[in-house]
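Presented below is the structure to which this report refers.
Please treat every number below as a calculation from the coordinates, not as lab data. Bear in mind the structure is a predicted one, so any value in this text is a computation, not a measurement. Cβ atoms come from the backbone with ideal geometry, glycine included; neighbour counts cover every protein chain shown.
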Amino acid sequence: MTDFTPASRSHDSEEPLLDSFLREAIPEIKLALGDLIDRDNARAIPDRYVKMLPLTSLVVTLRPDAAQAVAEMAADLEADLTDSVMRHGSLYDRDYRVRLKEAGSRGAPLFRVGVQPAGQADPDPIVPAPPPPPAPSAATEFAPSGATEFAPRPPAPAMPAWAPAGPPPVMDPDATRVEGLPPVAPPAPAAAAAAVPGWDAERFELVVEEEDGTERERLPIAAATATVGRQTDNPALRSDILLGDSPNVSRRQLALVWAERDGKPGFDVFNLGLNDIHVSERDVSGANAGKGDLKLDELRANSLWVAPGEAIRIGGHGPVVRIVEKKREPAVEINVVPDELDDPDRTQFG
């Protein structure tokens, strides 16, 4: 089997798309190909005809960004997937191979599998996109006359009198920040709750379930805007709500934003990760948002509105998460008996 060990990455940067694709998507692609082979052989075929069946090509169509991420190793990836389907096909005495194809739309799902019709030509191989042209240097400007004249760089603006002396403060470039949604500066807890109409920090929690519906854990949703992802040792990339034992979940998979509609509670759910999410009949592709600021206003195409209780399945095989209202214990009423109605025969000290 071809070894797909990804190149080592820096510990202070977001995981490259190639690394996360090989780790999270390849196992799901192999499972999907196995299911496709099982369905292809669901109808019994006489043994004497099975050996006469030609080699069957299975096509894996990848979203453009994922296709470009694996373009340099597409041949090795096809060989690895072909090795997998050949072993699975041997259960039915069938021969299969895999071909990769790049989807024509950026809005396509991360991957899709299908059987190539008999007689159809193989898809064109995935070719890496040409590198973008180098950006012009900011230090020079060229005169329209055609003669090369170098304009001096404008002087840096003077610092105001009130500015502190010394170098500017250094900010972590990998820190998770959300832009486009108020407030910009984190307010005090009491002020944050008051700033978002209808939000109650003690009202909702996130229930994590296995694909068969078994509840795994419950996690509080303490803020009106919160990120959800798998656990990580890098504090700069850690989500607000951490899912345990979820290898198919990105470190920043979802962003939950409180959003009432027509007086009904609900959340705008943004898919920040690699795998698609599925809510009822609705599918939302992953934005693969990467490191740095989360500009949610630019990710509306990767979001949908979800009411409490709706199941959100991450990827093809879970886990499943639900936003639910917490179960609150009823208040206990304590009746205090006035002194004049108290038992006159009780023991009194004084």
**Request:** For Thr232 paired with Ala259, estimate the spin-label separation in nm (one decimal), with each label point 7 Å from Cα along the Cα-to-Cβ line.
**Result:** 2.4 nm
**Complete:** Computed ³J(HN,Hα) along region 220-228: with the Karplus parameters 6.51/-1.76/1.60, θ = phi - 60°, integer Hz and x for glycine or proline, the list is x, 9, 8, 10, 5, 10, 9, 9, 10
**Request:** In whole angstrom, note down how far apart the Cα centers of region 261-328 and region 110-135 are.
**Result:** 29 Å
**Asked** How many times 2.2 N^0.38 Å is the alpha carbon radius of gyration of region 18-117?
**Response** 1.12
**Message:** Can you work out the Karplus-derived ³J(HN,Hα) for every residue in region 305-318? Use 6.51 cos²θ - 1.76 cosθ + 1.60 with θ = phi - 60°, whole Hz, and x for glycine or proline.
**Reply:** 8, 10, 8, x, x, 6, 7, 10, 8, 9, x, x, 9, x
**Message:** Give me a comma-separated list of calculated 3J(HN,Hα) values for region 113-125, in order, Karplus coefficients 6.51, -1.76, 1.60 applied at θ = phi - 60°, integers in Hz, x for any Gly or Pro.
**Reply:** 10, x, 9, 6, x, 4, x, 7, 5, 4, x, 4, x
**Request:** Quick one: dipole size for region 204-325, taken about the Cα centre, charges +1 on Lys/Arg Cβ and -1 on Asp/Glu Cβ, in debye to the nearest 20.
**Result:** 380 debye
**Item:** Among 219-232, 120-133, the order from most to least packed when residues are scored by Cβ within 10 Å on average
**Value:** 219-232, 120-133
**Asked** Along the positive direction of the dipole of region 204-325 (beta-carbon charges: Lys, Arg +1; Asp, Glu -1; about the Cα centre), which of Ala259, Thr232, Trp305 reaches farthest?
**Response** Thr232
**Asked** Using a simple spin-label model with points 7 Å from Cα along the Cα→Cβ vector, what separation in nm is obtained for Asp19 and Arg39?
**Response** 3.4 nm
**Message:** Need one word for region 204-325: rounded, prolate or oblate. Basis is the Cα gyration tensor (sqrt eigenvalues a ≥ b ≥ c); a/c below 1.5 gives rounded, then a/b vs b/c decides.
**Reply:** rounded
**Message:** Below 8 Å between Cα atoms, with a sequence gap of 6+, how large is the relative contact order for region 204-325 in percent?
**Reply:** 25 percent
**Summed side-chain charge close to Ala74 - residues other than Ala74 whose Cβ falls under 12 Å, Lys, Arg +1, Asp, Glu -1** = -4
**Request:** Report the local net charge at Glu217: Lys and Arg +1, Asp and Glu -1, summed over other residues whose C-beta lies under 11 Å from its C-beta.
**Result:** -3
**Message:** Give the residue list of trypsin sites (Lys or Arg not before Pro) in region 256-332 that are DSSP loop and have at most 14 other beta-carbon atoms within 10 angstrom.
**Reply:** Lys326, Lys327, Arg328
**Prompt:** So, by mean Cβ neighbours within 10 angstrom, what's the order for 61-73, 87-99 with the highest one leading?
**Reply:** 61-73, 87-99
**Request:** Taking amide H positions as placed in the peptide plane 1.01 Å from N, state which residues far from Leu272 in sequence (5 or more) or on other chains have amide H under 5 Å from it.
**Result:** Leu254, Ala255, Ala287
